[in-house]
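**Q** Below you will find the structure I want to go over with you.
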Amino acid sequence: MRISLGVLLFFLFVTCVSAREEITIPALVRTNGQSSLTLGDILPGQVKSVELKDVFASYSLADAPRVGEKRVLTSQLISSLLRRAKAAKPEVIDQYNFRIPSEVTVENPGVQLPGQEIKQGLVSQWQAQCPDCRFEIQELSLPRLPEGSRVNEWSFIGAPPLPRGSFSIGIRVLDGNSQDGNGKRFWINGVAKIKRQVPVVTRNMSFNERLGETDVQFEFRDVTYARDAIPTKESLVGRKTKMTKAVGQILWQSDLAKEKAVSRGEWIKVVSAEGPLEISMMAQAESDGFIGDVVRLRNASSKQIITGVAVAKGSVELK
């Protein structure tokens, strides 16, 4: 009978403990604009009990940190206050199990700008400058505004330039307390990554080897720090490589051999296009030229000197 009673009491104890609501005290708490901290300030936001909040609010912890400062509260301090609260209000405290980290850091970041809104604004501005790019903001540091500030509006000072890794961008904040309506200037800093579709070789390429249609595919790759131009899909087929390339490597413009498109003395097809109308004629090259070069030509009929841009082997477009 004693054994049965002991087992029964044990299960009753376990049932009571497991029936309690568990509350985990967060390791990091942010506060702003108050002079002192209480146990109530470190309660997680999802706690709904007004009774528990009132009990916790009656136990003082420390002075609140100023803007930009932190306070570190030990688990011993928090536990000692919890024991006092339990002794005073057991009917409230005994309804919960509390999990307390070894330290609770309380920081006061001050009035903050809307970080997510600013990220979206930056990406939108950058996207307008590079529609084919994808942007990923990896870090964003926002300024601390003066205590008592009220953010009514914010705007970028000019169009944010495309980032090259790290960026620093001016921002104007209109404070609800401001009298002149001009706002105040601050700086936001961060790190961003840019991705674009670039040609990637699908097989090992040797020096001076011509590219076929299946030798290259376009993929989104990190081009944040790229200084070289990205060749177009149309300009790749038939071009020679200037160096060896392994499978998966990006093919930049400088990796392609520059081939002569026009030779001096050669008769060249010259095209002049205006809207849907296209006129072509033959002219003799007065100079050598590679694709993209401006070349001089002599008109076959009038003998006048004209200039154009070499766009392909044996083809020049008047500009």
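The values are calculated or read from the model by the stated rules, or taken from the named source; none is laboratory data. All values derive from a computational prediction rather than experimental measurement. Neighbour counts are summed over all protein chains in view; Cβ atoms, including those assigned to glycine, are modelled from backbone coordinates with ideal geometry. Note: areas computed on protein heavy atoms with side chains; ligands, DNA, RNA excluded. Shrake-Rupley method; radii C 1.70, N 1.55, O 1.52, S 1.80 Å.
**Q** Multiplying the sequence separation of THR105 and TYR225 by 0.36 nm and subtracting their Cα-Cα distance, what value in nm do you get? The partial results should precede the final answer.
**A** On the way: separation 120, 0.36 × 120 = 43.20 nm, distance 3.76 nm.
Additional length available on full extension: 39.4 nm.
**Q** Let me ask you something else. Calculate, for the stretch 195-319, the solvent-accessible area per residue in square angstrom, rolling a 1.4 angstrom probe over the heavy atoms of the protein chains.
**A** Values: 7500 Å² over 125 residues.
So the stretch 195-319 comes to 60 Å² accessible per residue, rounded to a whole number.
**Q** When we measure straight from the Cα of LYS184, which lysines land under 24 angstrom away, once same-chain ones fewer than 8 places off are left out?
**A** LYS119
**Q** For a quick check, take a GNM of the chain with Cα springs below 10 Å and name the residue from GLN120, GLN253, GLN95 with the largest mean-square fluctuation.
**A** Its mean-square fluctuation being the largest, the pick is GLN95.
**Q** Report the extension gain between VAL237 and ARG20 in nm, rounded to one decimal, defined as 0.36 nm multiplied by the number of residues separating them, less their alpha carbon distance.
**A** Stretched out fully, the VAL237 to ARG20 stretch lengthens by 71.0 nm.
**Q** Can you tell me the dipole magnitude for the stretch 148-271 around its Cα centre, using point charges on the Cβ only (Lys, Arg +1; Asp, Glu -1), in Debye to the nearest 20?
**A** Working: 21 positive and 13 negative charges, 60 e Å.
Here the size comes out at about 300 debye.
**Q** A further question follows. Residue by residue, what Karplus-based ³J(HN,Hα) values in Hz, rounded to whole numbers, does the stretch 219-232 have, using 6.51, -1.76 and 1.60 with θ = phi - 60° and x for Gly and Pro?
**A** Along the stretch 219-232, the couplings run 9, 6, 10, 6, 10, 3, 9, 5, 10, 8, 7, 9, x, 7 Hz.
**Q** Moving on to the next point. Averaged per residue, what accessible area in Å² does the stretch 83-191 show with a 1.4 Å probe, protein chains only? Before the final figure, lay out the partial values.
**A** On the way: 6370 Å² over 109 residues.
For the stretch 83-191, the solvent-accessible area averages 58 Å² per residue.
**Q** Projected onto the charge dipole of the stretch 44-86 (+1 at Lys/Arg Cβ, -1 at Asp/Glu Cβ, origin at the Cα centre), which of GLY45, GLY68, SER79 gives the Cα projection farthest towards the positive end?
**A** Toward the positive end, the furthest listed residue is SER79.
**Q** Hey, another quick one. Strictly greater than 17 Å: what percent of every Cα pair in the stretch 67-115 meets that?
**A** Numbers: 618 of 1176 pairs.
Across the stretch 67-115, Cα pairs with separations above 17 Å total 53 percent.
**Q** At 18 angstrom or more along the helix axis (alpha-carbon based) and mean Kyte-Doolittle of -0.5 or higher, what helices does the chain contain? Whole DSSP H runs only.
**A** Values: long enough: 2-19 (25 Å, 2.10); 75-88 (20 Å, 0.18); 115-129 (22 Å, -0.87).
The answer, listed by residue number, is 2-19, 75-88.
**Q** With +1 on each Lys and Arg Cβ and -1 on each Asp and Glu Cβ, how big is the dipole of the chain about its Cα centre, in debye rounded to the nearest 20?
**A** Once rounded to the nearest 20, the dipole reads 600 debye.
**Q** Give the percent of DSSP beta bridges with both residues in the chain that are antiparallel, rounded to the nearest 5. List each step's numbers first, then the result.
**A** On the way: 63 of 73 bridges.
Antiparallel bridges: around 85 percent, rounded to the nearest 5.
**Q** With only alpha-carbon atoms in the gyration tensor, what are the semi-axes of the equivalent ellipsoid for the stretch 268-319, in Å, largest first?
**A** Values: eigenvalues 50, 40, 14 Å².
Square roots of five times the eigenvalues give 16, 14, 8 Å.
**Q** Any number yet on Rg/Rh for the stretch 13-127, C-alpha, Kirkwood? Could you put the intermediate results ahead of the total?
**A** On the way: Rg = 17.7 Å, Rh = 16.0 Å.
Ratio of gyration radius to Kirkwood radius for the stretch 13-127: 1.10.
**Q** Probe radius 1.4 Å, ligands and nucleic acids ignored: give me the carbon and sulfur share of the accessible area of the chain as a rounded percent. If you can, show how the numbers build up before the last one.
**A** Values: 9640 of 19350 Å².
Summing carbon and sulfur atoms, their accessible area is 50 percent of the total for the chain.
**Q** Could you pull the Rg and Dmax for the chain, using just the Cα atoms, both in Å?
**A** Calculated on Cα positions, Rg and Dmax stand at 35.2, 124 Å.
**Q** Could you tell me the center-to-center distance, by alpha carbons, between the stretch 257-319 and the stretch 50-121 in angstrom?
**A** Between the Cα centre of the stretch 257-319 and that of the stretch 50-121, the gap is 77 Å.
**Q** Right, next: For a Förster distance of 45 Å, can you work out the FRET efficiency between the beta-carbons of ASP54 and GLN116, rounded to the nearest 0.05?
**A** On the way: r = 34 Å, r/R0 = 0.75.
Plugging the Cβ-Cβ distance into 1/(1 + (r/R0)^6) gives 0.85.
**Q** Can you give me the solvent accessible area of THR244 with a 1.4 Å probe, rounded to the nearest 10 Å²?
**A** Surface accessible to solvent at THR244 totals approximately 90 Å².
**Q** Using the scaling law 2.2 N^0.38 Å as the reference, what is the normalised Cα Rg of the stretch 162-319?
**A** On the way: Rg = 23.8 Å, N = 158, 2.2 N^0.38 = 15.1 Å.
For the stretch 162-319, the normalised Cα radius of gyration is 1.58.
**Q** How about LYS242: which lysines have a C-alpha closer than 16 Å to its C-alpha, ignoring those fewer than 8 places off in the same chain?
**A** The reachable lysines, counting only those whose Cα sits under 16 Å from LYS242, are LYS258, LYS260.
**Q** Once the stretch 229-298 is represented by equal point scatterers at the alpha-carbon sites, with solvent omitted, what log10 I(q)/I(0) does the Debye formula produce at q = 0.20, 0.22 Å⁻¹?
**A** Results for the stretch 229-298 at q = 0.20, 0.22 Å⁻¹ read -0.92, -1.00.
**Q** I'd like to know which of LEU113, GLY158, THR24 lies farthest towards the positive end of the charge dipole of the chain, counting +1 on Cβ of Lys and Arg and -1 on Cβ of Asp and Glu.
**A** GLY158
**Q** Convex hull over the Cα atoms of the stretch 108-200, averaged projected area in nm²? All intermediate terms of the calculation are to be shown ahead of the outcome.
**A** Values: hull surface 26.5 nm².
Projected over every direction and averaged, the Cα hull of the stretch 108-200 covers 6.6 nm².
**Q** At 222 nm, what helix-only mean residue ellipticity would the chain give, in deg cm²/dmol to the nearest 500, using -39500 (n - 2.57) for each DSSP H run of four or more? Let's see the in-between values first.
**A** Details: 5 runs with 59 residues, N = 319.
My calculation for the chain gives -5500 deg cm²/dmol from helical runs alone.
**Q** Another question about this same structure. Using a Cα-Cα cut-off of under 20 Å, which lysines could be cross-linked to LYS303, ignoring same-chain neighbours fewer than 8 residues away?
**A** Answer for LYS303, where 20 Å is the Cα cut-off: LYS269, LYS319, listed by chain and number.
**Q** Please give me the summed charge of the neighbours of LYS195: other residues whose Cβ is under 9 Å from its Cβ, Lys and Arg +1, Asp and Glu -1.
**A** So the environment of LYS195 carries a net charge of +2.
**Q** All other residues with a Cβ under 11 Å from the Cβ of SER75 taken together, and with Lys, Arg as +1 and Asp, Glu as -1, what is their net charge?
**A** On the way: positive: ARG99; negative: GLU103.
Spelling it out: positives minus negatives among the neighbours equals 0.
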